[in-house]
């Protein structure tokens, strides 16, 4: 990797880390460049504005998460077990983040949604697309579970939204209380929200 | 009301409005004073710091919300109907906010939790206390419903947390999509999360 792409990666990594720590609004380009160890001129070579950088941070994070969600939600396990695995991996990721930086950082997309969705239309639209994609992926799994008679939902999309909303709400509390155990309840709540007919006490396949 | 308390109220109102619009981190004291129409000297007469102001904004908002939650959740209606009323009033309040300022502003406490809970320990603790109080109030209602055999929950506190988490998660989406209809599903989801035994299709008493 040449120096040029190094600088871009360094800026992205620094921005990602600073946004997780302090949010987007209060960040300045100078601070990002200082943390990245690159001259300010480099910034505008790669990013036309702080908003463009934020979109790149979001896209990069979503590319990784989409790969993980696809692996889990389109995997070989039974439909509801895939959702369970998704929650377990989410909790494990939040726990790993907490161990490395001391606090639960929560969901980058949720954090940005509440911090700035009313300020920057481009970012709002991108976040909407990401959550739409998450809801669609969860909805596909619910459809499979429905075909197997394992759940009772009347509106698949609404049910998928509720599962993702419960995830975001519990991650909010995990962050606020700096306690990843808040996420333990996701699986049971998902089953309740989906009117699941399977035994809820099956041991985790973690 | 004399001029002195006028200035304090003006600063609080301006800060509340600016925090709803743009979050806390990016705000400066000068900007708040300009919006409030008071000299900067007044600010430090009333508030030792921006953090102290934020705590005052939070406390003021919670005082109003606590009054509303108490009226609804300790009211005369049957337990689960009180929760329904809480969701309906939440949706109505978000709709009123949207009509007055164009966008759904969401939950001040949720917004601040995701924007800054890892930055300012004093604010994190205050937000924890508020959500603890909300969970306790919802838990009291769930206890009553449990005694009447209307719900089936094994851990009342966990169930109350899940109801509040679902509320926060759906409010997050209502804000991101600027769509208060996202909150329509709260009542049905609450019943599902509580394993409610009553007829879910009872028309709203709105």
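Mean residue ellipticity at 222 nm from the helices of chain B, using -39,500 (n - 2.57) per DSSP H segment of n ≥ 4 over the full residue count, to the nearest 500 deg cm²/dmol? Let's see the in-between values first.
Details: 9 runs with 147 residues, N = 206.
Using -39500 (n - 2.57) per qualifying helix, the result is -24000 deg cm²/dmol.
Can you give me the three principal axis dimensions of the stretch B:22-95 from its C-alpha atoms, in Å, biggest first?
Principal-axis extents of the Cα atoms in the stretch B:22-95, largest first: 51, 23, 20 Å.
Against the globular-protein guess of 2.2 N^0.38 Å, express the Cα radius of gyration of the stretch A:116-155 as a ratio, rounded to two decimals.
Working: Rg = 14.6 Å, N = 40, 2.2 N^0.38 = 8.9 Å.
In units of the 2.2 N^0.38 Å rule of thumb, it is 1.64.
Distance between Cα centroids, the stretch A:50-112 to the stretch B:162-189: provide it in whole Å.
Cα centroid of the stretch A:50-112 versus Cα centroid of the stretch B:162-189: 21 Å apart.
Describe numerically, in nm with one decimal, the distance between label points set 7 Å from Cα along Cα→Cβ at residue A:49 and at residue A:67.
3.0 nm
Separation between the residue A:96 and residue B:40 pseudo-spin-labels, each 7 Å from Cα along Cα→Cβ, expressed in nm?
With each label point 7 Å from Cα toward Cβ, the separation is 4.6 nm.
Could you give the length gained by full extension between residue B:119 and residue B:60, i.e. 0.36 nm per residue of separation minus their alpha carbon distance, to one decimal place? Spell out each step's value before the answer.
Working: separation 59, 0.36 × 59 = 21.24 nm, distance 2.13 nm.
Gain on stretching residue B:119 to residue B:60: 19.1 nm.
Give me A:121, A:115 ranked fewest to most by other Cβ atoms within 10 Å of their Cβ, as a rough exposure proxy. Mind showing how you got there, number by number?
Working: A:121 10, A:115 25.
The most exposed by this proxy come first: A:121, A:115.
So what is the relative contact order of the stretch B:123-167, in percent, for Cα pairs below 8 Å that sit 6 or more residues apart?
Working: 20 pairs, mean separation 17.7, N = 45.
Relative CO of the stretch B:123-167 lands at 39 percent.
Using the alpha carbons of the protein assembly as shown, what is the convex hull volume per residue in cubic angstrom, as a whole number?
Values: hull volume 62.3 nm³, N = 412.
For the protein assembly as shown, the hull spanned by Cα atoms encloses 151 Å³ per residue.
Shape verdict for the stretch A:1-47, please, from the Cα gyration tensor: rounded (a/c under 1.5), prolate (a/b greater than b/c) or oblate. Please list the in-between numbers first.
Details: a/c = 2.40, a/b = 1.68, b/c = 1.42.
Taking the square roots of the gyration eigenvalues as a ≥ b ≥ c, the stretch A:1-47 is prolate.
Quick one: work out Rg over Rh on the C-alpha atoms of chain A, Rh as Kirkwood radius.
1.02
Rounding to the nearest 10 and keeping the result within 0 to 90°, find how far the Cα-based axis of helix A:79-101 lies from the longest principal axis of chain A.
40 degrees
As a footprinting exposure proxy, order A:46, B:87 by other Cβ within 10 Å, with the fewest listed first. Display every interim value, and only then the final one.
Numbers: A:46 17, B:87 24.
The most exposed by this proxy come first: A:46, B:87.
Report relative contact order for the stretch B:57-193 in percent, whole number only (criteria: Cα-Cα under 8 Å, sequence separation at least 6). Walk me through the numbers on the way to the answer.
Working: 114 pairs, mean separation 37.6, N = 137.
Once divided by the residue count of the stretch B:57-193, the mean separation gives 27 percent.
Could you pull the copy-to-copy label distances for residue B:119, with points set 7 Å along Cα to Cβ, in nm to one decimal and sorted shortest first?
The answer, with the shortest distance listed first, is 0.9 nm.
Using the number of other C-beta atoms within 10 angstrom as an exposure proxy, rank B:33, B:101 with the fewest first. Kindly include the intermediate steps, with their values, before the conclusion.
Details: B:33 21, B:101 13.
The fewest-first ordering by Cβ neighbours comes to B:101, B:33.
Given a Förster distance of 30 angstrom, what is the FRET efficiency for residue B:155 paired with residue A:152, based on the Cβ-Cβ distance and rounded to 0.05?
Values: r = 23 Å, r/R0 = 0.78.
The formula returns an efficiency of 0.80 here.
Each value in this text was obtained by applying a stated rule to the coordinates, not by laboratory testing. These numbers come from a predicted model, not from an experiment. Note that we place each Cβ from the backbone using ideal geometry, even for glycine, and neighbour counts take in every protein chain shown.
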